[in-house]
Amino acid sequence: MNNVIIGQSGGPTAAINASVAGAYVRAKELGAQKVFGMLHGIEGLVNGNIIDLDIYLSDPTNVELLKRTPASVLGTCRYKLSDASKDDTDYKKIFDVLEKNNIDKLFYVGGNDSMDTIMQLSDYAKDHGKPQCFIGIPKTIDNDLPVTDHCPGFGSAAKYIATSVKELIRDNQAADTRNPATVIVEIMGRNAGWLAASAALSKADDCTGPDAIYLPEKPFDMDAFMKHMKELSDKKKPILIAISEGIKLADGTYVCELGGDVATDAFGHKQMSAACKVLADKLSSELGLRTRTVELSTLQRAASHMASLTDVREAYQCGFEAVNAANAGETGKMIIMKRMMYQL
Ligand code: F6P
């Protein structure tokens with residue numbers, strides 16, 4: 001095997017580095033001379049910012065440490081390759097770096113945008129008669145990649161969310177019952193409700209679980225929400241509801257946008273936050289409720305103390321299998337996880 005390169009992209013997770021470790025280990029087993037890392041994903045590669053991972057990972061102890069280190073060790077980016085201009089300089093720069101360093105396999109750990117990048121690079125290589133293979137390694141706390149049963153990164157974030165929601169419910173129930181608070185917990189996930197739904201996992205013998213969960217998949221009906229909250233508050237008990245940051249009205253307006261302009265990053269992603277504040281303001285002004293808002297925000301992403309061992313193991317395996325796939329000549333594909341069905 002010639003040299004290979006690995007990069008990370010999008011939001012960090014607790015298990016993202018385990019995929020780098022898995023790909024590194026398998027590439028070495030298959031005889032790769034050098035394993036490079038892109039600094040800050042494809043954006044770094046375009047600018048020639050790559051490092052030799054052997055310097056650190058040739059020591060097996062560091063491979064083990066890396067598996068358990070949360071957040072993207074190589075740095076991340078949200079850079080998108082343009083589809084329309086496959087002859088533009090980004091592609092030329094990338095293939096120059098690959099050819100100059102004798103790299104013929106590229107692995108990219110990320111979500112939907114990263115998998116687009118893998119497709120684009122693979123198509124470019126095919127169109128231009130280039131031999132390199134490009135394989136995507138799934139990773140996102142949002143759990144919104146198609147075909148795979150679930151995504152590495154999701155499990156650890158879900159564990160963090162369920163645990164945090166449990167603490168918030170316990171705290172709220174212990175507080176002054178003469179003036180109970182309504183707590184609104186805002187959870188990431190963009191347009192996918194898996195993370196917000198995982199707040200339900202807080203329900204156990206010692207915890208009631210949230211009173212309601214609002215997901216982005218169902219249009220948010222403000223009137224129905226207010227009616228529901230009135231019914232709950234009439235019972236004079238502490239309330240906790242979980243909402244996804246991406247809840248939107250039937251006309252597509254995000255609830256967070258009702259609070260003012262929502263910033264858009266350089267690549268067109270809306271930076272959602274504070275839907276919980278919009279709802280809390282309405283609840284206090286219209287129903288006179290005492291409210292408290294909690295945005296779990298980036299705490300739920302790398303979640304160092306909550307990394308799930310299953311998540312880490314799966315992320316490692318996906319990195320490992322990505323190298324096997326490229327070694328078998330596959331390109332323009334993403335590794336997926338499928339539950340094995342056994343028949344007795
Ligand atoms: O894609 C993962 C994610 O954490 C989403 O749940 C969230 O909307 C987004 O990243 C936030 O991205 P950024 O940190 O770039 O604002």
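The values are calculated or read from the model by the stated rules, or taken from the named source; none is laboratory data. The shown structure was predicted, so the numbers you read here are calculated from the model rather than taken from an experiment. FYI the Cβ positions are ideal-geometry reconstructions off the backbone, even for glycines, and counts take in every protein chain you see.
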*Any residue in the range 186-215 that's at positive phi: show its pairings with residues that are part of a loop (DSSP other than H, G, I, E, B) and away from the ligand (no atom under 13 Å from the Cβ) at Cβ separation under 8 Å, as long as the two are six or more apart or on different chains.*
Gly209/Lys203
*asked:* Taking the conditions exactly as written (surrounded by fewer than 23 Cβ atoms within 10 Å (Cβ to Cβ) and under 25 Å from the mean Cα position of the chain (by Cα)), does Val20 satisfy them or not?
replied: no
_Of all residues making up the range 222-276, the number that are within 16 Å of the ligand (Cβ to nearest atom), of a type in the set (Ser, Thr, Tyr) and either in contact with a Phe, Trp or Tyr (Cβ under 8 Å, 6 or more places away or on another chain) or assigned to a helix (DSSP H, G or I) (or both)_ = 1
*Residues of the range 30-55 being at positive phi and within 23 Å of the chain's Cα centre (by Cα), which ones?*
His40, Gly41
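If the requirement is being without any contact (Cβ under 8 Å) to a residue 12 or more places away in the chain and of a type in the set (Ser, Thr, Tyr), which of these qualifies: Tyr56, Tyr91, Tyr108, Tyr24?
Details: Tyr91 fails: without any contact (Cβ under 8 Å) to a residue 12 or more places away in the chain; Tyr108 fails: without any contact (Cβ under 8 Å) to a residue 12 or more places away in the chain; Tyr24 fails: without any contact (Cβ under 8 Å) to a residue 12 or more places away in the chain.
Selected residue: Tyr56, the only one of Tyr56, Tyr91, Tyr108, Tyr24 that is without any contact (Cβ under 8 Å) to a residue 12 or more places away in the chain and of a type in the set (Ser, Thr, Tyr).
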*For the range 233-247, what are the residues that are surrounded by 17 or more Cβ atoms within 10 Å (Cβ to Cβ) and either within 22 Å of Ala158 (Cα to Cα) or without any contact (Cβ under 8 Å) to a residue 24 or more places away in the chain (or both)?*
Ile239, Leu240, Ile241, Ala242, Ile243, Ser244, Glu245, Gly246, Ile247
_If Thr163 meets every condition in (1) within 23 Å of Ala199 (Cβ to Cβ); (2) crowded, with 23+ Cβ neighbours inside 10 Å apart from one, which number is that one?_
(2)
_Within the range 151-177, considering residues that are at pLDDT below 95 and part of a loop (DSSP other than H, G, I, E, B), the one nearest to the ligand (Cβ to nearest atom)_ = Ala175
*Can you name the residue in the range 193-217 that is within 21 Å of the chain's Cα centre (by Cα) and part of a loop (DSSP other than H, G, I, E, B) and, of all such residues, is surrounded by the fewest Cβ atoms within 10 Å (Cβ to Cβ)?*
Glu217
_Please determine whether any residue of the range 267-288 is charged (D, E, K, R), at pLDDT below 95 and surrounded by fewer than 14 Cβ atoms within 10 Å (Cβ to Cβ)._
no
*State whether one or more residues within the range 125-137 are in contact with a strand residue (DSSP E or B) (Cβ under 9 Å, 6 or more places away or on another chain) and part of a helix (DSSP H, G or I).*
yes
